[in-house]
Each structure stands twice: as C-alpha cells, then as structure tokens.
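Read the structure below first, then the notes.
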Amino acid sequence: MKMSEGVEWTAHACTLLAALPPGVGLPAAALAEFHYLAPAYMAKHMQALARAGVVESVRGAGGGYRLAKPASEITLWEIVEAIEGVEPTFRCTEIRAQGPCPGSDFRKPCEITSVFRKAETAWRAELKSVSLADIAAEVGRKATPARRAQLTQWLQEQLG
C-alpha cells in the first residue's frame with residue numbers, strides 16, 4: 001500500500017497546529033515553510049482537511065489554519081481519510097470469474113479478499129486509536145531542549 005505524500009505532510013502540519021495556543025492559526029505557507037514543502041501543495045491539502053472538519057481556516061490576526069477540535073479528538077485515520085478518501089486500499093476485481101473454472105460461487109468473498117479486508121480493518125482501527133494529542137505528546141517527550149527552543153522561536157516569529 002502506498003499513500004500520497006500529502007498524508008505525511010498534513011499529519012506533520014496538524015501535529016504542529018496541536019502545539020499552538022487555543023484560537024491561534026498558521027497560514028498554509030508557514031506550515032509549508034516549516035517543513036520545506038511547496039506552499040501551493042500544502043494549501044491544497046489543508047483545504048481538504050478543512051472540508052473534512054479536521055482543521056478550520058480563520059481570517060484576520062492570528063488567522064490561518066487551526067485544529068477544528070481538540071487534538072485528542074482528531075485521529076490519524078481522519079487525516080488519512082481527508083487526503084486519501086474512504087475507498088479500501090484493496091479492491092477485488094473478482095478474477096475468479098475468468099479462466100478455466102467460471103461458474104463457481106462468487107457471491108462470497110474469496111480467501112484473498114477476506115484476508116485483505118481483515119488487514120484493512122486492523123490498519124484503520126490502529127489509525128483510529130491514535131490521536132494527534134498522542135503524537136504531539138510523543139514528539140514533545142522526545143524533543144531536546146534545543147529543538148523545543150527552535151520551535152518556540154519559530155512560532156514566535158510566525159505569530160509576531
């Protein structure tokens with residue numbers, strides 16, 4: 001399975017947004033700058049997150065994007081779903097109906113489809129069990145004092 005880079009980009013952007021004080025946002029350009037990404041591409045993905053209700057766009061002073069709800073209520077699955085959609089990663093095309101043995105009972109999923117569906121369910125459940133608050137706490141726990149100071153300085157410059 002391969003997800004687009006947009007999932008990674010927006011997950012990192014949302015983790016950064018989780019570090020902001022309540023009611024404060026960052027423009028998509030600043031989120032892109034923080035990770036050295038293309039601003040237009042980041043803006044496109046942030047708009048997708050806004051449509052999904054993960055973030056909200058706010059105009060004016062302190063505007064930009066901010067989380068639409070507490071980080072503890074936003075899961076990694078919501079980010080994946082907003083960027084990639086809800087379609088399963090495995091799509092059975094029922095190739096059993098072709099070849100030398102047509103006419104078998106194809107009303108039930110084959111063993112291969114069953115395993116892929118089970119794996120997809122487990123994968124989604126895992127992503128649904130991890131919140132942005134969980135990720136942000138782990139990032140904060142692992143950050144060195146120098147890294148924390150860099151982030152604080154960068155945020156102060158952005159928030160002016």
How far is helix 5-18 tilted, in degrees, relative to the longest principal axis of the Cα atoms in the chain, given as a value from 0 to 90 rounded to the nearest 10?
-> 40 degrees
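Can you tally the net charge around K2? Count Lys and Arg as +1, Asp and Glu as -1, for every other residue whose Cβ sits under 15 Å from the Cβ of K2.
Working: positive: R91; negative: E5, E8, E84, E87, E120.
Residues near K2 contribute -4 overall.
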Could you pull out the pairs from K118/K142; K2/K118; K2/K128; K44/K69 whose alpha carbons sit more than 26 Å apart here?
-> K118/K142
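Report the relative contact order of the chain, percent, no decimals, based on alpha-carbon pairs under 8 angstrom and at least 6 residues apart.
Details: 155 pairs, mean separation 41.5, N = 160.
Value for the chain: 26 percent.
Is it possible to state the helix-based mean residue ellipticity at 222 nm for the chain, with each DSSP H run of 4+ residues giving -39500 (n - 2.57), the sum divided by total residues, to the nearest 500 deg cm²/dmol? What is it?
Numbers: 7 runs with 87 residues, N = 160.
Value at 222 nm, helices only: -17000 deg cm²/dmol.
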Global size of the stretch 34-94 as Cα Rg and Dmax, reported in angstrom | 14.3, 55
K69-K142 pseudo-label distance in nm [points 7 Å out on the Cα-to-Cβ vector] = 2.7 nm
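Relative to the Cα centre, what is the charge dipole magnitude of the stretch 1-143, using +1 at the beta carbon of each Lys and Arg, -1 at the beta carbon of each Asp and Glu, and rounding to the nearest 20 debye? Write down the numbers at each step before the final one.
Values: 16 positive and 16 negative charges, 32 e Å.
Computed charge dipole of the stretch 1-143: roughly 160 debye.
So how do I135, I74 line up by other beta-carbon neighbours within 10 Å, fewest first?
Working: I135 19, I74 23.
Final ranking by Cβ density, sparse to dense: I135, I74.
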Per GNM of the chain with C-alpha springs under 10 angstrom, the most fluctuating residue out of A28, A137, A13 is A137
Within the chain, what's the longest run with no trypsin sites (Lys or Arg not before Pro) in a DSSP loop and at most 14 other beta-carbon atoms within 10 Å? Give the range, please.
-> 3-58
Inter-part distance where the stretch 71-103 and the stretch 1-55 are each reduced to a Cα centre, Å = 24 Å
Tell me, rounded to the nearest percent, the portion of alpha carbon pairs in the chain spaced more than 20 Å apart.
-> 57 percent
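For an R0 of 25 angstrom, estimate the FRET efficiency from the Cβ-Cβ distance between A125 and Y41 and round to the nearest 0.05.
Details: r = 30 Å, r/R0 = 1.18.
FRET efficiency, A125 to Y41: 0.25.
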Residue among H35, H12, H45 with the largest mean-square fluctuation in a Gaussian network model of the chain, springs linking Cα atoms under 10 Å | H35
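A short reminder: the numbers here are calculations on the coordinates, not readings from a lab. Owing to the predicted nature of the structure, the values given are computational and were not obtained by experimental measurement. Reconstructed Cβ throughout: ideal geometry from the backbone, glycine too, with neighbour counts over all protein chains shown.
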